[in-house]
């Protein structure tokens with residue numbers, strides 16, 4: 001199989017897009033990876049970010065779409081049967097964590113982080129400088145659930161950041 005990667009496209013200052021083509025013997029499969037970084041400032045900026053992310057997601061007509069990013073959102077376990085695309089293995093909720101499942105439901109995608117049962121240490125994607133606080137704020141969202149086999153933080157991988165490698 002031959003894989004081609006299109007040039008990286010910056011959609012906004014907080015959203016980027018990478019498209020890949022995998023050419024097999026039968027047909028080409030197209031995949032899109034959207035990389036996102038949610039603002040933490042005003043409500044209007046956060047709303048504009050999610051509008052741009054939804055538009056970018058819908059405009060990419062590919063076989064498999066993946067959204068990876070720091071959403072500053074804590075998505076806990078599924079609380080109602082209405083949140084079908086959110087799994088049962090999240091840690092806790094915050095306000096941004098309420099907004100992210102809305103995006104997931106609108107795009108009919110799946111929240112990868114909450115699909116797999118893990119120890120808390122394999123879920124923390126952010127750690128405070130003193131090591132006293134941990135949060136799961138980086139997330140993977142995917143359009144095809146069966147394409148996802150696991151989501152976990154890579155243990156003992158130094159990134160030079162306060163975020164772990166997801």
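The values are calculated or read from the model by the stated rules, or taken from the named source; none is laboratory data. Since the model is a prediction, treat every value here as computed from it, not as a measurement. Cβ placement follows ideal geometry from the backbone for every residue including glycine, while neighbour counts extend to all protein chains displayed.
Counting only strands (runs of 3 or more DSSP E) that sit wholly inside segment 1-82, those with at least 2 residues that are within 16 Å of the chain's Cα centre (by Cα) and either at pLDDT below 85 or surrounded by 15 or more Cβ atoms within 10 Å (Cβ to Cβ) (or both) are 15-23, 28-37, 64-70. Number of residues in segment 86-103 that are at pLDDT 55 or above and either touching a strand residue (DSSP E or B) at 6+ places or on another chain (Cβ under 8 Å) or surrounded by 20 or more Cβ atoms within 10 Å (Cβ to Cβ) (or both): the value is 5.
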